[in-house]
Amino acid sequence: MRRGERSVVAIAWLVLLLAGLLPAPHALATWASEHCNGGGWPRQTWKRSQADNYAMQAVGEGYEFGGGCYRLNGFDDTPNTATDGGGEGADCSGFTFKTWALPLSGPDGYHFWEHEKNIHGPYSTWAYFDPAPSYPFRLISKTYAATAFMDALVERHSTWGHVALIHQEGSGGSDYIVHARNNTMGTELRYLPYRGDGDFKAVAREDWTAECYPSRCT
Amino acid sequence: MRAERGRRRLIVAGIAAGLAIGAAVGATTLTGASSEVSGGPSPVVLHVAKVVADPGADLELRAGLFCPGVEAPACEVSTATVHVLSSGTGGWTEVRGEAEESGYRFVVPGTLVPDDGLSYWLEFGMREGGSVRFPDGGAATPFRVVTTAGLREAGWPGGSVDLSSPRPSDSTVTRLGYGDGASQVGRVGGVGDEQPLGPSSFDVGPDGAIFLADWAHERLIVLSPRGQYRRAVPLPTRRPVDVAVGAQGQLAVSTLGLGATAFELAADGRTLGRYRVPTGVVERIVLTPDGPFVWTGPAQWAPVRSRLGVVMPADVQSSSIAAAVPARDGAVAFSQELPGRRIAFVWARPDGSRAGLVLQLPSGVQAGVDHFVRGLPDGGAIAARGLWSESGSAVALLRFAADGSIVAADVIAQPTQEMDAASSTVRFRGPDEVLVAYADDRGFRIERFEVEGS
């Protein structure tokens, strides 16, 4: 091999090795893009108990800022992925959107999404904290007498916010809470004093289907 | 020609090597790695247990069942019953629960709530057979409820409380910035819809030193009583934990939530015991003279080990749940919310007699987080209890005399919510101090409040 050719081959090796160190095209895909094939469909009825069951199935799974997709296996599939790196889980507002089966926009009607669907929905914590009249949820009193399970507690600060769902009402300003917490704790069930925290407001979805449906409610 | 084939081989080999390396790098950095499967089929009972009741008044109880990792039909309840044994009666009375919301509601009639109190346990008949008892030991290990009979009742001094005008602290014990330095603390989140988490807990040692759980750096930071950095102690987990310091300086920490793990540590951080906690939703840990107990639900404290280093079996943990546990000095004290915006504070005087007070809160104010009640050598007590209204929140600092009367009552600002063990944001430091954790974007700090009347 001539000297020039050897140089070309060496450069080719170097370039190829460097190129190889970059993520291969397949690896550029995120966990979410590879595992989230869920569907969704319009939903005429949605009970609090159905929402609660939907939410509780995600306990133990991950958290993803801006995400919405779960693989229901009881653990966080992407514990070391950056919070916006395409990993498993919803964030708190996306989790609430899917659990409440909210519409993507007003006229679309309520919509169920499977856990495996990677969708966040249009509502941020700002929306839950200060809902527009057209939104399918509204602020309510946060006394125990005024709330029910699957109502939410929401706070909003200058750089961040949080919204969490009541699984079972507690006492002393605390409740059993199910929520997409953050990238450290994932989606969890906890007993937390959000109700008694002055920063939180209570927010309720509208138009829940009665628990007795389709039987005649007495 | 040979040289051409050699070049092609080199190029093909380079591509193969590059793809292999790239795939490996991509697979590990972009998709992450799986952790071990957690959870299991055992039902978790979510109960707001009662330790105090009004004699003669109906006692309302609530409980639900959650089966991690199990499809709903396998966890469906067909019957829910509370078994009640009233003092002075001959046997257990069954009271059926009503299904409501996400659980069951039981109303124990006032006729079963005599002055001397009662015992109870819960039983859930499962649709697919069998039953779940809570506590696990059923009639052999029931919850014990005392009553407010004989306790003094009082309103908030002055009649009203302004949660928006908290009392200022007496001094700042320590300020720690966020960062990776020796006397800095870690903080994650705090952007967009991601809740921030800073140090997760702190406790006070027998000498007044402060032990701060800087979980993000897998360490406890130990500060002198005046807040100066002393040393770091390694933590056995990189998860938010609650921390407790024992009478001899030994340490205990617990991860939080479902499927928690409690650890006992030597003062230098060596792990002496590692105990899985399959019961309930863990939010706190204490070190009693009998070892560590974890809080698994309201008024539910479970021991975690049979002896140092040996985990207690799950059914024994559940059977051994206590409504209240002693502090490291052996004294028992607790508070509980009662119907009608009232709080019962109960403690043992040094002579072993019971003291207490039922505090009527002003209109619009509700009872919040139970931080602590601590009996004092003079027979009185200090308590810190959260207060909240529709628009605000604060913490009440109360000093009681030995006869239960209120000596002093103040409100202080709500502590940080970035500390994951929320109850541990307010700590007692004898003889008359309360330390409170606060945080903002600049850093973390602990403020000191002196309690009047001590």
Failed criterion for residue B:170 (all others in (1) more than 28 Å from residue B:406 (Cβ to Cβ); (2) out of contact with any Pro (no Cβ under 9 Å at 6 or more places or on another chain) hold): (1)
Search result, residues across region B:50-102 that are of a type in the set (A, V, I, L, M), in a strand (DSSP E or B) and farther than 27 Å from residue B:370 by Cα: B:77, B:80, B:85, B:95, B:99
Residue that is farthest from the chain's Cα centre (by Cα), among those in region A:34-63 that are more than 27 Å from residue A:206 (Cβ to Cβ) and more than 10 Å from chain B (Cβ to nearest Cβ): A:37
Test: residue A:102 is more than 8 Å from every other protein chain (Cβ to nearest Cβ), outside any strand (DSSP E or B), touching a strand residue (DSSP E or B) at 6+ places or on another chain (Cβ under 8 Å) and in contact (Cβ under 8 Å) with a residue 40 or more places away in the chain: yes
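This table checks each residue for (1) at pLDDT 95 or above; (2) within 24 Å of residue B:339 (Cβ to Cβ); (3) within 14 Å of another protein chain (Cβ to nearest Cβ).
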position: B:46; (1), (2), (3): yes, yes, yes
position: B:49; (1), (2), (3): yes, yes, yes
position: B:65; (1), (2), (3): no, no, yes
position: B:74; (1), (2), (3): no, no, yes
position: B:100; (1), (2), (3): no, yes, yes
position: B:112; (1), (2), (3): yes, yes, no
position: B:126; (1), (2), (3): no, no, no
Among residues of region B:88-113, those that are open to solvent by 40 Å² or more (accessible area, probe 1.4 Å) and more than 24 Å from residue A:49 (Cα to Cα), counted: 8
Any pair with Cβ under 8 angstrom, 6 or more apart, that starts in region A:196-218 at a residue that is over 30 Å from residue B:364 (Cβ atoms) and ends at one that is β-branched (Val, Ile, Thr) and open to solvent by less than 50 Å² (accessible area, probe 1.4 Å): A:209/A:45; A:213/A:45
Residue match in region A:74-89 (condition: open to solvent by less than 20 Å² (accessible area, probe 1.4 Å), more than 9 Å from every other protein chain (Cβ to nearest Cβ) and at pLDDT 90 or above): yes
Any chance residue A:132 is surrounded by fewer than 20 Cβ atoms within 10 Å (Cβ to Cβ) and facing chain B (nearest Cβ under 7 Å): no
Count of region B:402-443 residues which are touching an Asp or Glu at 6+ places or on another chain (Cβ under 8 Å), within 23 Å of residue B:156 (Cα to Cα) and open to solvent by 10 Å² or more (accessible area, probe 1.4 Å): 10
Single match in B:137, B:190, B:186 (criterion: crowded, with 17+ Cβ neighbours inside 10 Å and in contact with a helix residue (DSSP H, G or I) (Cβ under 9 Å, 6 or more places away or on another chain)): B:186
Residue match in region B:424-435 (condition: within 24 Å of residue B:284 (Cα to Cα), modelled with pLDDT of 95 or more and outside any strand (DSSP E or B)): yes
Enumeration of residues in region B:157-177 that are touching a strand residue (DSSP E or B) at 6+ places or on another chain (Cβ under 6 Å), open to solvent by 40 Å² or more (accessible area, probe 1.4 Å) and within 14 Å of another protein chain (Cβ to nearest Cβ): B:166
Those residues of region A:175-196 which are open to solvent by less than 10 Å² (accessible area, probe 1.4 Å) and in a loop (DSSP other than H, G, I, E, B), in sequence order: A:195
Check on residue A:110, more than 8 Å from chain B (Cβ to nearest Cβ), touching a helix residue (DSSP H, G or I) at 6+ places or on another chain (Cβ under 7 Å) and surrounded by fewer than 21 Cβ atoms within 10 Å (Cβ to Cβ): no
Among the candidates A:210, A:204, residue that is more than 24 Å from residue B:200 (Cα to Cα), more than 9 Å from every other protein chain (Cβ to nearest Cβ) and either open to solvent by less than 10 Å² (accessible area, probe 1.4 Å) or under 20 Å from the mean Cα position of the chain (by Cα) (or both): A:204
Residue B:200 being touching a strand residue (DSSP E or B) at 6+ places or on another chain (Cβ under 7 Å), under 24 Å from residue B:328 (Cβ atoms) and small (Gly, Ala, Ser): yes
Residue within region A:138-146 that is part of a loop (DSSP other than H, G, I, E, B), over 27 Å from residue A:71 (Cα atoms), open to solvent by 30 Å² or more (accessible area, probe 1.4 Å) and among the aromatic types (Phe, Trp, Tyr) present: yes
Tally, over region B:284-312, of residues that are part of a strand (DSSP E or B) and either in contact with an Asp or Glu (Cβ under 8 Å, 6 or more places away or on another chain) or crowded, with 17+ Cβ neighbours inside 10 Å (or both): 18
Count of residues meeting criterion [over 18 Å from the mean Cα position of the chain (by Cα) and under 20 Å from residue A:156 (Cα atoms)] in region A:169-190: 3
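The values are calculated or read from the model by the stated rules, or taken from the named source; none is laboratory data. Keep in mind that what you see is a predicted model, and the values were worked out from it rather than measured. As a convention, Cβ positions derive from the backbone with ideal geometry for all residues, glycine included, and neighbour counts pool all protein chains shown. Keep in mind that these areas ignore ligands, DNA and RNA; they rest on the heavy atoms of the full protein, side chains included. Shrake-Rupley method; radii C 1.70, N 1.55, O 1.52, S 1.80 Å.
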